[in-house]
Amino acid sequence: MLRDVIRECYLFSNIDEGSLDLLSRLSTIARYEAERSIFAAGDEPDGLRVIISGSIRIWISDAEGRELTLALLEQGDPFGEISVLDKLPRTANATALEKSECLFLPTDAMEIALDNSPQFAHHLIQLLCEILRRNTEAMGSFAFLGLDGRLAQKLLDLAMTYAEQKDDGAYFKRKFSQNELAHMLGVTREALNKRLNALAHDGMITLTNGLISIPDVKALATRASAAERLNRGQ
């Protein structure tokens, strides 16, 4: 089972059989209850985890206690890889949103696998560069988009993973609370509520029993693009 979890994770999609055997032998299962902290910003790295079941929130906070969700991770997603590679303290917090089970690969196991397989090391470098590019794009959105455009873009991004695509629309299968969305955008719940209501008033989204629907994905994408052009003064 652990071997399958490793092989199916995109970080290890190009791993050789010898390294796969090694990581399988050295990995263990870690279980976390809902709302359990897995690690905190500033913690020393202990290893990398791959989600087998459940969901994990990766987030940061400032001195005033304001929180920003960086990612919501689910089955098959790895997390904690940066600190494992650079040996520096954790840069973010990881919390189980629900009862979760993860494969745990200790730092030493990853070091041995990387030393034994230059091909695997090269593959991992390429993937981390892709992640860095996506993070740069996300930073651009925060810098150049107002809340209206950022919310529209965030809903489009979430729809790719959590919504059923049908005809021209997207219909969420998972509920996102206003607190969750506010934490993703780094704003207050009150500010988020106003923008959600504005999008609903304009027919960009509908809210039914806590579930969001996007009647016309292209229309919402146009709204996000228009907000970006307006913010850039174009």
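The values are calculated or read from the model by the stated rules, or taken from the named source; none is laboratory data. On a predicted model such as this, the values are computed, not experimentally measured, just so you know. All Cβ positions, glycine included, derive from the backbone under ideal geometry; neighbour counts span all protein chains shown. Side chains are part of the model used for accessible areas, which takes the heavy atoms of the whole protein and leaves out ligands, DNA and RNA. Shrake-Rupley method; radii C 1.70, N 1.55, O 1.52, S 1.80 Å.
The phi-based Karplus calculation (6.51 cos²θ - 1.76 cosθ + 1.60; θ = phi - 60°) puts the 3J(HN,Hα) values of segment 105-110 at 10, x, 3, 4, 5, 5 Hz, whole numbers, x for Gly and Pro. Taking 0.36 nm per residue of separation and subtracting the current Cα-Cα distance, fully stretching the chain between N116 and T188 would add 21.1 nm.
Each of (1) 1.01; (2) 0.97; (3) 0.95 is a candidate for Rg/Rh (Cα atoms, Kirkwood Rh); the one calculated from this structure is (1). Segment 155-198 and segment 8-64 have Cα centres separated by 26 Å.
Split the accessible area of the chain by element, probe 1.4 Å, and carbon with sulfur accounts for 51%.
Paramagnetic label reach from I125 (point 7 Å along Cα→Cβ; backbone nitrogen cut-off under 17 Å): within segment 87-103, residues 87.
In the chain, a dipole from Cβ-located charges (positive for Lys and Arg, negative for Asp and Glu) runs towards its positive end, and of L73, H183, L11 it is H183 whose Cα lies farthest in that direction.
The charge dipole of the chain, taken about its Cα centre with unit charges on the Cβ atoms of Lys, Arg (+1), Asp and Glu (-1) only, comes to about 840 debye. Each of the peptides 48-60, 25-37 was scored by the mean count of other Cβ atoms within 10 Å over its residues; in descending order, highest first, they stand as 48-60, 25-37.
Solvent exposure of segment 84-234, expressed per residue, is 57 Å² of accessible area, with all protein chains present and a 1.4 angstrom probe.
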